Amino acid sequence: MQIVILNDAAEVAAYGADIFSTQLQRKAESVLGLATGSTPVALYQELIRRNREGLVSFKDATTFNLDEYLGLHGSHPQSYRYFMDEQLFNHIDVDKDKTHVPPGDAKNPLTACQDYEARMAAAGGVDLQLLGIGRNGHIGFNEPSSGLTSRTRVKTLTRETIEDNARFFEEGEYQPHLSITMGIGTILDAKKVVLLATGENKAEAVHAMVEGPLTAACPASALQLHKDAVIVVDLKAASKLKDIEFYQHIEAENQKLQDYLASL
Ligand code: PGA
């Protein structure tokens, strides 16, 4: 894993935006894996800005979101389809027909999961997958105990996740407790993965992901198996890492290597 430790959330968003911009500049028809939650919002705002300024285009890109609440239609304001339209898709030059979010209103959720996997495969697989991390170490809605080779499926949300997401729902409003989520195996199939984490409340999960054992108890620890996973955190989210100086040293050495290669 590449561990990038930055000062604050704004720097994390800009770094993430650079990774997405580079990906799209290298391959305009990239397949992007996208995420919801509070963390990616600043990254999406930066991508919208760059798109408006003509610095990056999504015209030929295809997107697949990680997850969706089961039981919510895409027109529901708390659905992840609605979130993506509002936070990103409505503001960039992406072809909406090429944006995919698992169908929360699927009549048959099991076949919908298989269909989602088939669509990803038909698109050539995900080139770059964006991730957040839950306080319990989840990625997508792969809660602790999720199989490390799991595929897209229906998952039950933990009480902690339901409580963390309750802030988005009105008092007394129905809040789903099931989801459709890409599996951990699905996520690991992406060619490159970038996970963003900011704030002190993610520090324990970041420590478990990076320095803990590979375990289904911390689904994000599965990224230890990925050959190109970039973990981008601010100082607060990094605060429980034991080897901060070593990770910063690696980054400095990496930069020197990049500079040398660029000078050839
Ligand atoms: P957050 O969610 O960005 O809203 O903290 C992250 C996640 O649960 O994956």
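The values are calculated or read from the model by the stated rules, or taken from the named source; none is laboratory data. Source: prediction; values computed, not measured. Note that each Cβ is placed from the backbone with ideal geometry, even for glycine, and that neighbours are counted across all protein chains shown. Ligands, DNA and RNA are excluded from the accessible area calculation, which covers all protein heavy atoms including side chains. Shrake-Rupley method; radii C 1.70, N 1.55, O 1.52, S 1.80 Å.
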message: Probe radius 1.4 Å, ligands and nucleic acids ignored: give me the carbon and sulfur share of the accessible area of the chain as a rounded percent.
response: 51
- prompt: Considering only DSSP states other than H, G, I, E and B, which chymotrypsin sites (Phe, Trp or Tyr not before Pro) in region 98-192 qualify as loop sites with at most 12 other Cβ atoms within 10 Å?
  reply: TYR174
task: Only bridges with both residues in the chain count here: give the DSSP antiparallel percent, nearest 5.
output: 30
- request: Would you give the gap between the C-alpha center of region 180-244 and the C-alpha center of region 88-125, rounded to a whole Å?
  value: 24
Proximal charge balance of LEU157 [Cβ under 11 Å; K/R count +1, D/E count -1]: -3
- request: Mind giving me the FRET efficiency for GLU253 and ALA28? R0 is 30 Å, r the Cβ-Cβ distance, nearest 0.05 is fine.
  value: 0.40
Cα pair distances in the chain, grouped into 10 Å bins until the bin that holds the longest one, percent each: 7, 31, 38, 20, 4, 0, 0
field: Accessible area per residue in Å² at 1.4 Å probe, computed on region 2-263
entry: 46
